[in-house]
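One structure below.
The values are calculated or read from the model by the stated rules, or taken from the named source; none is laboratory data. Every value quoted in this text rests on a predicted model; they were computed, and no experiment measured them. Virtual Cβ from ideal backbone geometry, glycine too; neighbours counted across all protein chains shown.
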Protein chains: 2
Amino acid sequence: MIDSNVAVISGGVGAARLLRGFHRQVEQLTAIVNVGDDMVLHGLCISPDIDTIIYTLADAVSTERGWGLEGETWQAMGMLGRYGGQDWFSLGDKDLGTHLFRTQRLHEGATLTAITGELSAAWDLDLDILPVSDDPIHTMVTIQGPDTGTEISFQDYFVARQHSVPVTGIRFDGVGTAIETSNVVAALEQADRIVIAPSNPLVSIDPVLAVGGIRQRLAIRRDDVIGVSPIIGGEALKGPAARLMTEFGMECSAVGVASHYSDICGTMVIDTVDSALAPEIEALGMRCIVTDTIMSEPGVLESLCQTLLA
Amino acid sequence: MIDSNVAVISGGVGAARLLRGFHRQVEQLTAIVNVGDDMVLHGLCISPDIDTIIYTLADAVSTERGWGLEGETWQAMGMLGRYGGQDWFSLGDKDLGTHLFRTQRLHEGATLTAITGELSAAWDLDLDILPVSDDPIHTMVTIQGPDTGTEISFQDYFVARQHSVPVTGIRFDGVGTAIETSNVVAALEQADRIVIAPSNPLVSIDPVLAVGGIRQRLAIRRDDVIGVSPIIGGEALKGPAARLMTEFGMECSAVGVASHYSDICGTMVIDTVDSALAPEIEALGMRCIVTDTIMSEPGVLESLCQTLLA
């Protein structure tokens, strides 16, 4: 156990993997999690990034899918299919238990922060998983194509349309009035090291940074903030990060990511394949660390976490 | 196929069994169903009586339990149990698909009547299952005991407390402004025969009768209304009907049931074991038919349905 207090600005899958490297290895670990993907579907309140983190850290996540639970069944979705219901967002039977609990507790007046703590405790996790805000935030995406200029929900873009359509706008609905929780404020003040996970900068990290004073709070801690580039060799391991960066006129590289975070992040970790980019990143006034970052490869997660703590 | 148009005033299990006898046997069959048991749980809109009727008529109901689906699994409830969530109302995984669909469609603005038609069509049923009203009605029960005078929901009484506590009051919340649907009005006008199912008079049939002009509409059709007593030999086959009738000062017998319906029902069907009660029922100004009424016994359902159509 390393005597360190680490806070991780988190999206879903990529952040969950990184958190797994820190879990039970550092004294105090906090995930500050995106809630822009949250939605109400079939009346149920669903928090995809929070659940991916919980299931991953509980070693309960499906290794095949990377989301949802191992040993999952799909009886409810089968029935929904019989009725011609909306079944584009797959809800496993076990997973539904999580959404039933969250929805009931929210209706009872509990905060998402409190409920996430209850879920986390039920899985015997030893970290604080904190939604960045208890206020609702909904990431909305304006897409081009047959429905030019149509604004749709993030999950509609990401899941139903499999992020295969051009995007011309991203908006975080509700972020104007949303504030970060006091737990998040305390975590950012008390952390020795603040890590920006290799999540999608535009749709996973930005909706965290856009809440209340988060960006300013990180700027104050800039020397202790260390980002991990999700772009390796000009591509994202998974998901639409590279495509979105290009669509929004950003350089699709570790330099583009570093530039996006340069006001809040003193150090950038980039993959060995991108080592030639280090001077460009240092030219942005950031330190640059070159190391292996593909966490699915043997031994890389452990060494990456050691690097981030060093 | 008998050229008859039959409407059945229905609760859940008992009504579903009777409807199964009529289904695909008469030209036009309509169930007018209690919605007082409906509830929102974990954010999901649940209509227990409607679902029991659909599942029973689809031959999909669990024969062991008499409610819910055959081949059901309980993964969601298992997960809810892990979280210490409210698991007193068992929601099977398949069954959840029905509630997800209903909730989503209600949130989209569809009426309960339309949604019930969609569910019914998906199960290839050949009858009209009509909620008595599209307006919400909630049967509330005032119980005695440790929580003297506490008013609780019907499902809390019926399922969570297994109808084992004394009841001092029954109230149909919302019934003052609820109106019967135009489909229900048409069904009651067009039916050759209107059957009052052997459901609980106080908590299954009364919340139907209490809606808008239903009682008056039945009174007009009194000569064509035929009730089946759920009380046989002074006892109910299932559930708290006998206990509730006693608690509310009614005679706990087929006579008590007949008396309860005497203004709206011209004919009462009672079980052979109660044949001695026929004169008392006739003294109420009703015809009385004595026959076998225990539908779970071989051949009884078929003969009972023939009697009701005669």
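Among the residues of the stretch B:243-261, those that are assigned to a helix (DSSP H, G or I), closer than 18 Å to B:Thr272 by Cα and touching a Gly at 6+ places or on another chain (Cβ under 8 Å) comprise B:Val257, B:Ala258.
Condition check for A:Lys238 on (1) farther than 26 Å from A:Leu29 by Cβ; (2) at pLDDT below 95: one failure, at (1). Of all residues in the stretch B:246-267, none satisfies being surrounded by fewer than 22 Cβ atoms within 10 Å (Cβ to Cβ), in contact with a Phe, Trp or Tyr (Cβ under 8 Å, 6 or more places away or on another chain) and aliphatic (A, V, I, L, M). Taken together, A:Gly109, A:Gly117 contain a single residue that is within 22 Å of A:Asp128 (Cα to Cα), more than 7 Å from every other protein chain (Cβ to nearest Cβ), part of a loop (DSSP other than H, G, I, E, B) and of a type outside the set (Lys, Arg), which is A:Gly109. Criterion applied to B:Ser204, B:Ser296, B:Ser275, B:Ser259 was being among the hydroxyl-bearing types (Ser, Thr, Tyr), at pLDDT 95 or above and under 30 Å from B:Thr113 (Cα atoms), and the one residue passing it is B:Ser204.
Conditions (1) touching an Asp or Glu at 6+ places or on another chain (Cβ under 7 Å); (2) modelled with pLDDT of 95 or more; (3) within 14 Å of A:Pro136 (Cβ to Cβ); (4) crowded, with 20+ Cβ neighbours inside 10 Å, marked per residue:
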| site | (1), (2), (3), (4) |
| --- | --- |
| A:Ala15 | no, yes, no, yes |
| A:Phe22 | no, yes, no, yes |
| A:Gln28 | no, yes, no, no |
| A:Ile32 | no, yes, no, yes |
| A:Leu44 | no, yes, no, yes |
| A:Ser47 | yes, yes, yes, yes |
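Could you grab me the full set of residues in the stretch A:185-213 that are outside any helix (DSSP H, G or I) and under 17 Å from the mean Cα position of the chain (by Cα)? Let's see the steps before the verdict.
Here is the first cut: in the stretch A:185-213, the residues outside any helix (DSSP H, G or I) are A:191-200, A:210-213.
Correct list: A:Ile194, A:Val195, A:Ile196, A:Ala197, A:Pro198, A:Ser199, A:Asn200, A:Ala210, A:Val211.
Taken over the stretch A:120-169, the criterion of being at pLDDT 95 or above, in a loop (DSSP other than H, G, I, E, B) and touching a Pro at 6+ places or on another chain (Cβ under 7 Å) is satisfied by A:Ile137 alone. Within the stretch B:220-236, track down each residue that is buried (at least 18 other Cβ atoms within 10 Å of the Cβ) and aliphatic (A, V, I, L, M). Matches in the stretch B:220-236: B:Val225, B:Ile226, B:Val228, B:Ile231, B:Ile232, B:Ala236. Among the residues of the stretch B:56-88, which ones are under 25 Å from A:Gln104 (Cβ atoms) and touching a residue at least 40 places away in the same chain (Cβ under 8 Å)? The answer is B:Trp67, B:Gly85, B:Gln86, B:Trp88. The residue that is farthest from B:Ile54 (Cα to Cα), counting only those in the stretch B:112-155 that are free of Cβ contacts under 8 Å to residues at least 12 places away in the same chain and not β-branched (Val, Ile, Thr), is B:Pro146.
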